[in-house]
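First comes the structure, then the notes that go with it.
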2 protein chains.
Amino acid sequence: MTTQEQARAGAGAAQAQELDVFAQLCPSRAVFAELVDKWSMLILMGLDEFGPQRFSELQRGVDGVSRKMLTQSLRSLERNGLVRRTVHPETPPRVVYDLLPLGRELAALVSPVGRWTEERTGQMLAAREEFDRAHADG
Amino acid sequence: MTTQEQARAGAGAAQAQELDVFAQLCPSRAVFAELVDKWSMLILMGLDEFGPQRFSELQRGVDGVSRKMLTQSLRSLERNGLVRRTVHPETPPRVVYDLLPLGRELAALVSPVGRWTEERTGQMLAAREEFDRAHADG
DNA sequence: GGCCAACGGTCTCCAATATAGACCAGGTCT
DNA sequence: AGACCTGGTCTATATTGGAGACCGTTGGCC
């Protein structure tokens, strides 16, 4: 066992909660895998930045998402207690989604990732070009 | 066009860079989609928390990752300039991966998401139970 | 009345992707 | 000699994602 692995092994045990996203069978890993998803992240960021929105507003805002994936991601976020779905019984019924406290917490952590990506995209595209040049044949 | 959509439309134009993860065809969306991935995130967090590691150390540390996905995610991170791959020409050759400055920046934003997930997993599992109870038939 | 669109979805089909597991060459250990 | 470790690649199968049809209700338009 290497030094890093000793550190890893110790890390989990040291925490009172015993939850570890690095462990395949830990419930927190499953939750993590469900949250760390392109569409869920964008939805969360959208609701955080632009406030409560209807289904079709979200679909237009999160450009490129299909109705299927939007429904699926929203259900997942709702089930995990991050987002609230409210049906206003008008004709036609309005369905509005907004963030619950848990969702606002996560959005506050995730939005910086989005902004960072936008800031650093130029550097990453440059790195790609160099990588591809270096790995083209020789 | 709703108030939120006006806000959205204005948001991109207001930024000098014109990069927007919400826009399907923006390069930053493609980069975002590539980074926001279960395995890439865990690898980044692992390298940040436990330091430079070999391929097989990472495979043991990021529990459950297949060699194929580990290779693929590491190549992606390397190509985008987040991670460095160093081959030590010994027998057997040692291959060590470590974070570049770009990778350290992103890891600093992503690790909190992992820690938050561990902290809040309990609440999310509870929310699930309630959701499932409420949506079991009637 | 007839036609079309918007709403918030669901359903089905097909392509792309993830995972499991075999395989590989070179070298070490016993 | 035989088993094992290294850092992968390759293949077969399971899962997932996206495109687009469908749905019932409502509203506008001619």
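Read-outs throughout are calculated quantities, based only on the coordinates presented, and are distinct from any laboratory measurement. Since the model is a prediction, treat every value here as computed from it, not as a measurement. When we count neighbours, we look across all protein chains shown, and the Cβ atoms used for this are built from the backbone with ideal geometry, even at glycine.
Scanning the stretch A:110-128 for residues that are more than 7 Å from chain B (Cβ to nearest Cβ) and free of Cβ contacts under 8 Å to residues at least 60 places away in the same chain returns A:ARG115, A:GLU119, A:GLY122, A:ALA126. Of the residues making up the stretch A:96-108, one or more are within 12 Å of DNA strand C (Cβ to nearest atom) and either surrounded by 15 or more Cβ atoms within 10 Å (Cβ to Cβ) or over 30 Å from B:GLY81 (Cβ atoms) (or both).
Kindly indicate whether A:VAL65 is within 17 Å of B:ALA33 (Cα to Cα), among the hydrophobic types (A, V, I, L, M, F, W, C) and within 12 Å of DNA strand D (Cβ to nearest atom).
The answer is yes for A:VAL65.
Would you say A:LYS68 is within 12 Å of DNA strand C (Cβ to nearest atom), of a type in the set (Lys, Arg) and under 30 Å from B:GLU105 (Cβ atoms)? It is false that A:LYS68 is within 12 Å of DNA strand C (Cβ to nearest atom), of a type in the set (Lys, Arg) and under 30 Å from B:GLU105 (Cβ atoms).
Can you name the residue in the stretch A:89-104 that is within 13 Å of DNA strand D (Cβ to nearest atom) and more than 11 Å from A:GLN53 (Cα to Cα) and is also farthest from the other protein chains (Cβ to nearest Cβ) among such residues? Among residues in the stretch A:89-104 that are within 13 Å of DNA strand D (Cβ to nearest atom) and more than 11 Å from A:GLN53 (Cα to Cα), the one farthest from the other protein chains (Cβ to nearest Cβ) is A:THR91. Scanning the stretch A:79-109 for residues being without any contact (Cβ under 8 Å) to a residue 12 or more places away in the chain and not aliphatic (A, V, I, L, M) gives a total of 9.
Residues in the stretch A:129-138 that are away from chain B (no Cβ under 12 Å) and of a type in the set (Asp, Glu): A:ASP137 only. Looking at the stretch B:122-131, is at least one residue under 30 Å from A:ALA134 (Cα atoms) and part of a helix (DSSP H, G or I)? Scanning the stretch B:122-131, I find no residue that is under 30 Å from A:ALA134 (Cα atoms) and part of a helix (DSSP H, G or I), so the answer is no. Checking B:GLY51, B:GLY61 one by one, the residue that is exposed (fewer than 15 other Cβ atoms within 10 Å of the Cβ), within 10 Å of chain A (Cβ to nearest Cβ) and touching a residue at least 12 places away in the same chain (Cβ under 8 Å) is B:GLY51 and no other. For the stretch B:71-120, a residue qualifies if it is closer than 16 Å to B:VAL36 by Cα and not in a helix (DSSP H, G or I), and the qualifying residues are B:ASN80, B:GLY81, B:LEU82, B:VAL83.
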